[in-house]
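Everything below concerns the one structure shown next.
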Amino acid sequence: MIKIKNYIDKKTSTYKTILKAFPWGRFGGALLLLCVLIFSGCGVKRRISKADKRFEIGEYYTAGDLYKSSYGKVSSKDKPLRAYVAFRQGEAYRMINHNRTSYAYLNAIRNNYPDSIVFFHYAQALQKEGKYTDAAKNYEIYLEHDSTNVAAKNGLYASQMAAEWRSNPTRYKVSKSKEFNVRRYSTFSPAYVGQSTDVLIFTSARSADKKKKTKNNAITGMPNNNMYSVRKNATGKWEAPEILEAEINTPNAENGVSAFTADGKTMYFTRARKAAADAGTEIMVSNRAGGAWSEPKPLKVFQDSTILVAHPTISSDGGTLYFVSDAPDGFGGKDIWRCKLENGECKYIENMGADINTPGDEMFPMMRHDGTLYFASDGHPGMGGLDIFRATPLAQDDSSNKTHWVVENMGVPINSQFDDFGITFAGKSESGFFSSNRNERQGYDMIWNFELPELAYVIEGKVMDDKDGIVPDATVRLVGNDGTNTRIQTRKDGSYRIKLNKNVDYVMMASARGYLNQNYKFSTQELADSKSFQSDFHLPPIFKPVQIENIFYEFGKWDLTPNSEAGLQVLLKLLNDNPNITIELSAHTDYIGNDANNKTLSEKRAESVVKYLITHGIAKDRLSSAGYGEEKPFVVDAFTAKKFPFLKENNELTEEFILKLTPAQQEIANQINRRTEFKVLKTNYNLY
């Protein structure tokens, strides 16, 4: 509102001055309007020219605002000029991640900007806003003009795949850091000092002196970036950040990404020689001695000092420096390069090649101790803006002596539709920090925590009898193909819990005195996430009949129905889990019908179950059958009494008892009597 108000005041003042100088009577209004239009047109062109100059020297923030204020003053009939101003505004805003970038490009398209590149950059801006469908359409429009553009192809593919990537996040957990960030200022590119995880250096545009007003940088619209250090105290908490000494942070330079040798004694960092992009960037080197950093010296990388170099990272042995540059013979944009360090000099400089670099920008490299390279790119397929990628060295091509790399996007939630970059790891752990401007309306960069939780596997459950009662003194044994052999007693409530290892096939057995054993097989092979297995064991007693659930016959016949398969498989497993038992299979009927017929029917039903078991591999001499018809009415146990409250424990479901019940209750009681059971005859089959 302040900018708008000032503009109105200036316009009013100009109008009054002209009116006083030219009091031309009744025709004065028309002449006055003509003068205003002439002066206004000249003013717009001067403003656009000024914006162009600011843009060319890299003052994108200032240039963008100048283009923005000029656009509304250009006549709607002058579409070529409006298109030019809108496009240049979009270009300036794109360089500083402004939230109105896509709107500026859209204005350029509406005014028929003549170069198809506007559709490419508009698609990129839409992709950063998460508008993937619209982004894909504009990538397709651009590819109609340039079907060979790799970055556009990657952008189209990524826009089409973004929804799927979002729905399949990795196991990483991320959250915005509470220790390092401050409102309204960017904070980014954290780096651990050497192998220690107790000291961190990061870059921030915040003011070290809150009382001192600092001048904003014309490039970013924010104060210059300085480097800060933060360390953990004795309790493991991060203390308040402190600005690095004056030898590192100077008033007329802007510092950026830093990296450290493994011993933490040498620091490489990016410095803009002046607070303007035309002055370029260079890599500085500082050594630590006596608790302080020495005055940094520039590292000469290329003979041509106009070539930009930035974003250093160092190999664990300190012998190879990786950096970013726009040097000639690259792949387009900014590429990642490397050189050998010999006596403080860069030698054998080489581009990292097509596996790593694209026609887009590859920046913010970070080399881990194991030789894995992490970097940010807007050229490889990603969610939008800069994404963080992992590059693993694959093999060396003997013919060209080149190392090949497998490049992988680190996926959601490490990456988002916004800029994600500047990652660092805490030692050898899969945790650390990275930078992102996600969900920041003004585009400020913030430091985020990330962690990959360790995969955890457990199995837990209860050991009960066939009526869900607690089995006392039950034992659970776990055997794995990795050599695991664990035996534990269940708790008083029958429960157990055992930790498991990854990529192991397991067999469990639950056992207790007076009960049959039960086995369970499972595996932790090829699991992508932590998992808790659940297995409850129901151990049948040895010394009393056990009812087999879910055994069904055709009405009035002995044929097993397809619905019996589940119950029969349970019985089959029980016999396989207990290979030393023999059993008697018995069938029972209700009192309805002829006694002799019921006896015959039950015998044949028991025989049907025995035949099923024999055909499925159970030895014939382990099985016998019996049919009891209505001779042995069911005696109600505690489990059945709880399930059917109209029955009491120890009720015998005789014909006389059942006839005293309601018709509905009679049907339930008769159904209970119609049952298939087994009882154990021997427990030493084939033992002697």
Of Leu601, Ile314, Val463, which is farthest towards the positive pole of the chain's charge dipole, taken about the Cα centre with +1 and -1 on the beta-carbons of Lys, Arg and Asp, Glu respectively?
Ile314
Among Ser564, Ile658, Pro645, the residue whose Cα sits farthest towards the positive end of the charge dipole of the stretch 546-682 (+1 at Cβ of Lys and Arg, -1 at Cβ of Asp and Glu, taken about the Cα centre) is Ser564
Counting alpha carbon pairs within less than 8 Å and at least 6 residues apart, what relative contact order, in whole percent, applies to the chain?
8
Qualifying trypsin sites (Lys or Arg not before Pro) in the stretch 41-79, DSSP loop, other Cβ atoms within 10 Å at most 12:
Lys77
Could you give the longest part of the chain that holds none of the GluC sites (Glu not before Pro) found in DSSP loops with at most 15 neighbouring Cβ atoms within 10 Å?
248-429
Share, in percent, of DSSP beta bridges within the chain that are antiparallel, nearest 5
90
Let's see if you can work this out: charge +1 on each Lys and Arg Cβ, -1 on each Asp and Glu Cβ, no other charges. What is the dipole magnitude of the chain about its Cα centre, in debye to the nearest 20?
3920
Computed about the Cα centre, the charge dipole of the stretch 546-682 from +1 Lys/Arg and -1 Asp/Glu charges at the Cβ has a magnitude in debye, to the nearest 20, of 320
Measuring from the lowest to the highest alpha carbon on each principal axis, how far does the chain reach, largest first, in angstroms?
128, 77, 56
By DSSP, what percent of the beta bridges with both residues in the stretch 457-539 are antiparallel, rounded to the nearest 5?
75
Can you find, among Ser305, Tyr84, Pro413, the residue sitting farthest towards the positive end of the charge dipole of the chain, where Lys and Arg contribute +1 and Asp and Glu -1 at Cβ?
Tyr84
Show me, for the stretch 312-323, the HN-Hα J-couplings you get by feeding each phi into the Karplus relation (A = 6.51, B = -1.76, C = 1.60, θ = phi - 60°), rounded to Hz, glycine and proline as x.
x, 8, 10, 5, 4, 8, x, x, 10, 9, 9, 7
Could you pull out every residue, at least 5 positions away or on a different chain, whose amide H is within less than 5 Å of the one on Tyr515? Hs are placed 1.01 Å off N in the peptide plane, and Pro or chain starts have none.
Ile542
Grab the beta carbon distance between Thr561 and Glu460, set R0 = 45 Å, and tell me the FRET efficiency rounded to 0.05.
0.80
Long-range HN-HN contacts of Trp405 with modeled amide H, under 5 Å
Leu394
Extension length gain for Thr654 and Gln534 (0.36 nm per residue less Cα distance), in nm, is 39.2 nm
Pull out a ≥ b ≥ c, the square roots of the eigenvalues of the alpha-carbon gyration tensor of the stretch 470-555, then state rounded if a/c is under 1.5, prolate if not and a/b is larger than b/c, and oblate in the remaining case.
oblate
Once the piece of chain linking Arg231 and Lys265 is laid out straight, how much longer is it, given 0.36 nm per residue of separation minus the C-alpha distance between them?
10.6 nm
Among beta bridges assigned by DSSP with both residues in the stretch 574-684, the antiparallel ones amount in percent, to the nearest 5, to 55
Residue-averaged [θ]222 nm for the chain, counting only DSSP H segments that reach four residues, each worth -39500 (n - 2.57):
-9000 deg cm²/dmol
In µm²/s, what is D for the stretch 40-167 at 25 °C and 0.890 mPa s, where D = kT/(6 pi eta Rh) by Stokes-Einstein and Rh is the Kirkwood radius from Cα pairs?
163
Residues whose modelled amide H sits under 5 Å from the amide H of Val504, counting only those 5 or more places away in sequence or on another chain, are Thr524, Gln525
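Quick note: the coordinates plus some simple rules give every number you see, no bench work behind them. From a predicted model like this one, the values you see are computed outputs, not experimental measurements. Heads up, the Cβs are rebuilt from the backbone with ideal geometry, glycines too, and the neighbour counts pull from every protein chain shown.
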